[in-house]
Protein chains: 4
Amino acid sequence: MNYQAKVLFAVMLSLAMLFSANAFAGGNVGITLDQASAVVAAAKAKAEKQGTLMNIAVVDAGANLTAFVRMDGAFLGSVDIAIKKAKTARFFNMPTGKLGELAQPGKPLFNIEFSNGGLITFPGGVPIKDKTGNVIGAIGVSGSSVENDNEVAMAGAAVMLK
Amino acid sequence: MNYQAKVLFAVMLSLAMLFSANAFAGGNVGITLDQASAVVAAAKAKAEKQGTLMNIAVVDAGANLTAFVRMDGAFLGSVDIAIKKAKTARFFNMPTGKLGELAQPGKPLFNIEFSNGGLITFPGGVPIKDKTGNVIGAIGVSGSSVENDNEVAMAGAAVMLK
Amino acid sequence: MNYQAKVLFAVMLSLAMLFSANAFAGGNVGITLDQASAVVAAAKAKAEKQGTLMNIAVVDAGANLTAFVRMDGAFLGSVDIAIKKAKTARFFNMPTGKLGELAQPGKPLFNIEFSNGGLITFPGGVPIKDKTGNVIGAIGVSGSSVENDNEVAMAGAAVMLK
Amino acid sequence: MNYQAKVLFAVMLSLAMLFSANAFAGGNVGITLDQASAVVAAAKAKAEKQGTLMNIAVVDAGANLTAFVRMDGAFLGSVDIAIKKAKTARFFNMPTGKLGELAQPGKPLFNIEFSNGGLITFPGGVPIKDKTGNVIGAIGVSGSSVENDNEVAMAGAAVMLK
């Protein structure tokens with residue numbers, strides 16, 4: 001190898017090491033994947049009991065997507081809604097439907113949905129708390145009536161309190 | 001019941017039926033959730049073997065998100081990259097790295113990333129085919145070197161060929 | 001040095017000068033950082049008195065972000081809302097709540113929130129004026145009820161009138 | 001009060017309580033405001049020593065904006081760049097310049113900037129770690145040469161290691 005080739009090789013090697021090791025892994029923020037998977041499974045079981053087809057999203061305490069499933073045949077337009085519901089619930093640490101009451105015309109938070117790249121403020125998103133009451137993430141569900149969506153979200157979040 | 005109440009009742013009933021039944025469920029487009037879950041599980045197993053922390057996304061034949069997991073401690077910035085890799089791979093039915101070769105400066109598709117709300121054209125996204133060769137979806141993986149990302153994506157997609 | 005090296009050297013030197021000097025510093029537009037910091041401090045003190053957790057943003061006369069703080073534990077979704085409230089207040093030189101009255105269904109500015117990449121039109125954003133009545137910027141506050149948000153914003157803006 | 005008025009009053013009261021209390025405050029994710037303010041102050045002191053005019057942004061472990069200042073006369077276009085540098089550094093837990101080496105034409109991560117609503121991959125963003133090595137946030141600096149930007153960012157992050 002000539003000099004240039006050696007330098008190039010060294011650079012490539014450094015870059016390879018840079019990414020292949022977990023040197024840059026960040027500590028986890030809130031809910032773990034195992035926990036999020038349990039939340040999703042419980043929500044999906046509830047949807048099956050309802051006979052509904054749901055999109056189910058879980059975000060962590062930083063409002064970052066952690067787990068997602070779309071049941072076969074569920075609305076395509078509900079992918080984004082489920083994710084936005086989960087983010088909205090974590091952004092304000094309350095059920096999305098609660099926020100929605102305040103976002104009606106004439107109410108204090110009318111058109112809050114224009115913030116944060118788009119919020120969803122009807123029911124179906126709820127914070128996920130651990131047994132000590134800390135918010136560790138949120139779940140968002142979309143695919144049926146808002147009552148059904150909310151019931152499925154509640155069933156998912158409830159897993160972390162057992 | 002007076003007339004108004006009857007009308008209201010009828011409307012409420014219609015709305016309830018509208019959403020509680022699966023009247024609007026779409027025929028599935030490509031990969032099912034069960035299949036997508038198997039793809040994700042195989043990809044995750046590969047990542048664990050590598051000792052890497054990955055974001056893993058699966059889209060269906062319509063390029064709509066079907067399943068997603070973020071391993072604990074995986075890059076937050078890779079959530080979006082994994083999803084975009086999966087979509088890109090399905091948008092053009094080829095591995096993202098293949099598209100990336102054509103998207104370099106001076107090449108035919110330079111800056112194609114500006115389309116579709118943002119593409120990712122480096123390795124880590126691959127189409128998912130069934131045994132007959134039909135594209136039924138795609139997988140996108142992000143969290144380590146592009147070589148590792150791609151290897152994990154390939155391991156995921158391979159499940160559908162067994 | 002050969003000719004190419006000399007040209008390269010000259011270019012590098014120019015670039016270095018370009019950025020290291022303040023040749024391109026803009027004359028300030030309205031509120032200074034010292035003033036904005038005083039506004040933020042007064043707003044934060046008010047929030048502490050209320051027992052609320054606020055996001056506080058100050059923009060200058062050009063509606064560009066000048067200072068921002070998020071109090072520990074304040075809503076994550078309020079980062080963007082506080083900034084948008086400040087911008088909205090400066091865009092139209094009026095309290096955001098005043099604009100919101102005109103943005104209700106049936107009112108002249110219904111859905112004005114669609115402009116400028118998203119406005120927030122409920123209370124919590126107010127223009128900052130100097131003693132001569134000139135608008136020199138605006139403050140946006142988000143994290144509690146709109147009444148509390150607005151009170152904190154007013155307390156911040158009041159500093160410039162002392 | 002008649003019945004309707006009583007119901008309305010009860011609803012308004014509930015809403016007022018909903019927001020005025022901190023019932024929905026989330027636990028903090030990573031860096032605190034006091035820490036972020038110390039980071040910003042150290043960065044600003046460094047910029048003053050350099051004679052540069054900087055935009056300085058700090059995000060927490062969830063990549064959410066925590067503190068921001070723009071020095072008088074600093075580039076307006078650098079507001080967004082500073083914030084994006086901070087987010088990018090946290091998204092991938094590495095200095096933005098390190099990521100930029102990999103994002104050049106022909107390199108593994110070419111055009112990664114198209115993800116996450118826009119990344120900035122030249123120097124000036126660095127992760128903030130605590131003394132135990134945990135990533136608790138990131139700082140992004142923009143306003144001068146990338147060398148100066150990076151030096152200021154490093155000076156800011158260094159505060160947390162003292």
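Averaged across orientations, what area in nm² does the convex hull of the alpha carbons in segment B:91-162 project?
On the way: hull surface 20.4 nm².
Orientation-averaged projected area of the Cα hull: 5.1 nm².
Beyond 22 Å between alpha-carbons counts as too far, so tell me which of D:Lys84/D:Lys129; B:Lys84/B:Lys129; B:Lys85/D:Lys107 fall in that bin.
Values: D:Lys84/D:Lys129 18 Å; B:Lys84/B:Lys129 18 Å; B:Lys85/D:Lys107 17 Å.
Where the Cα-Cα span goes over 22 Å, no listed pair is concerned, since all stay within it.
Considering only protein heavy atoms and a probe of 1.4 Å, how much of the accessible area of segment C:31-161 is carbon and sulfur, as a whole percent?
Details: 2490 of 4560 Å².
The C+S portion of the solvent-accessible surface of segment C:31-161 is 55 percent.
Note the buried accessible area between D and A here, summed over both chains, with a 1.4 Å probe, in Å² to the nearest 100.
On the way: alone 9220 and 9220 Å², together 16720 Å².
It comes to approximately 1700 Å² buried between D and A.
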Inset, instruction - Enter the Cα centre distance for the pair segment B:45-98 and segment C:104-162, rounded to the nearest angstrom. - result: 41
Inset, instruction - Consider just the alpha-carbon atoms of segment C:31-161 and return their Rg together with their Dmax, both in angstrom. - result: 13.3, 42
Inset, instruction - Pop out a list of residues from segment B:119-137 that are at least 40 Å² less accessible with all the protein chains around than in their chain alone; 1.4 Å probe, no ligands or nucleic acids counted. - result: B:Phe122
Legend entry - Two-decimal Rg to Rh for segment C:49-118 - Kirkwood Rh, Cα set: 1.01
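The values are calculated or read from the model by the stated rules, or taken from the named source; none is laboratory data. Here the structure is a predicted model, which means the values were calculated and not measured. All accessible areas refer to the heavy atoms of the entire protein, side chains included, with ligands and DNA or RNA removed. Shrake-Rupley method; radii C 1.70, N 1.55, O 1.52, S 1.80 Å.
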